[in-house]
Amino acid sequence: TTWDVSVRPVMLNEGQVVVLSFQDITALEDAGEMRRGFVANVSHEMRTPLTSLLGFIETLRGPARNDPEAQQRFLGIMEQEAGRMHNLVEDLLSLSRVEDQERMRPTGAVALDRLIGEVGEALAPVAAAAQVDLIYDLPQTKVEVLGDWGQLWQVVSNLVENAIKYGGDGAQVTVALTQPAHDPVLRASGVRLIVRDEGEGIAAHHIARLTDRFYRVDTHRSREIGGTGLGLAIVKHIINRHRGRLRIESQLGQGSVFTVILPTGAAAPAE
Ligand code: ADP
């Protein structure tokens, strides 16, 4: 994805924060080159686990033939590698599905407060394992948008999962929902879903590229965690389909704030 980026420094109580605004100008890019890059990336991502699987199969047939202890160990690694490929294929399918649907505005009524509660329940074990406190700041009233329940589920769970993964052990992750009558970004009524973590943060020059397919910030933590680098690309396409906006604000060492702004009015502005 190619972004047109504008940078605006803002002073907050905690210090200076840089706010970046993005405009997706991917459509202006050479589509052929994008496709070639994509195929190269997918092939590369598939090759690593496949090479490893083939290597272990050979070892199981040969040197480890009579070593049950080694066999169990290798099968464990093979399971992990196959799992990585499985996640990659699932993410690729999600991405291609949502890209196909991008022009079709979803029409279901989605209660975001309920959806956030359900995602929270599903991710509670993940948060507990990372010793992360999931904190909710939701309005008392029902908050509804026109949307696709499954896709908005994916957006919330991707953002919350990232906040848990990259948020640092033992920290807090806050999920908030506000409903401004007039959202200055949309210039219409909207809903803001805010996912905030206290993790390592993201350097400003990475922020504009986070929603690129396969883009991962190469920190010790993200290497350790592993992932497909497709999550935020999927999130961005789903938000586009809902005619919304994604804002990413971050400060190294302080944490990150991902804000999804979705229109609530029937006459939401098209891109
Ligand atoms: P994945 O998590 O599978 O690598 P994503 O597309 O979800 O892929 O995220 C892309 C990259 O953005 C991650 O690899 C990580 O480097 C960075 N990132 C995403 N969310 C956060 C966050 N909350 N804090 C710090 N870095 C993040």
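The values are calculated or read from the model by the stated rules, or taken from the named source; none is laboratory data. Quick caveat: nothing in here was measured; it's all calculated off a predicted structure. So basically every Cβ, Gly included, is an ideal-geometry build from the backbone, and we count neighbours across all protein chains shown. Only protein heavy atoms, including side chains, enter the accessible area calculation; ligands, DNA and RNA are left aside. Shrake-Rupley method; radii C 1.70, N 1.55, O 1.52, S 1.80 Å.
Quick rundown of the values:
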{"read-out": "Test: residue in the range 133-148 that is part of a helix (DSSP H, G or I) and surrounded by fewer than 19 Cβ atoms within 10 Å (Cβ to Cβ)", "value": "no"}
{"read-out": "Filtered residues of the range 71-93 (kept if out of contact with any Ser or Thr (no Cβ under 8 Å at 6 or more places or on another chain) and free of Cβ contacts under 8 Å to residues at least 24 places away in the same chain)", "value": "Q71, Q72, R73, L75, G76, E79, Q80, G83, H86, V89, E90, L93"}
{"read-out": "Those residues of the range 165-193 which are at pLDDT 95 or above, within 16 Å of the ligand (Cβ to nearest atom) and open to solvent by less than 30 Å² (accessible area, probe 1.4 Å), in sequence order", "value": "V173, V175, A176, L193"}
{"read-out": "Among the candidates H242, H220, residue that is more than 8 Å from the ligand (Cβ to nearest atom), touching a residue at least 60 places away in the same chain (Cβ under 8 Å) and on the phi < 0 side of the Ramachandran plot", "value": "H242"}
{"read-out": "Some residue of the range 112-129 being of a type in the set (V, I, T), closer than 13 Å to V156 by Cα and in a helix (DSSP H, G or I)", "value": "yes"}
{"read-out": "Output for the range 194-210, where each listed residue is in contact with a strand residue (DSSP E or B) (Cβ under 7 Å, 6 or more places away or on another chain) and either within 8 Å of the ligand (Cβ to nearest atom) or under 19 Å from E45 (Cα atoms) (or both)", "value": "V195, D197, G199, G201, I202, L210"}
{"read-out": "Hits in the range 213-244 (condition: in contact with an Asp or Glu (Cβ under 9 Å, 6 or more places away or on another chain), under 21 Å from V18 (Cα atoms) and crowded, with 19+ Cβ neighbours inside 10 Å)", "value": "L232, K236"}
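Conditions tested, residue by residue: (1) surrounded by 13 or more Cβ atoms within 10 Å (Cβ to Cβ); (2) at pLDDT below 95.
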{"position": "N41", "(1), (2)": "yes, yes"}
{"position": "H44", "(1), (2)": "no, yes"}
{"position": "G62", "(1), (2)": "no, yes"}
{"position": "Q72", "(1), (2)": "no, no"}
{"position": "R84", "(1), (2)": "yes, yes"}
{"position": "S96", "(1), (2)": "no, yes"}
{"position": "E99", "(1), (2)": "yes, yes"}
{"position": "R103", "(1), (2)": "no, yes"}
{"position": "E118", "(1), (2)": "yes, no"}
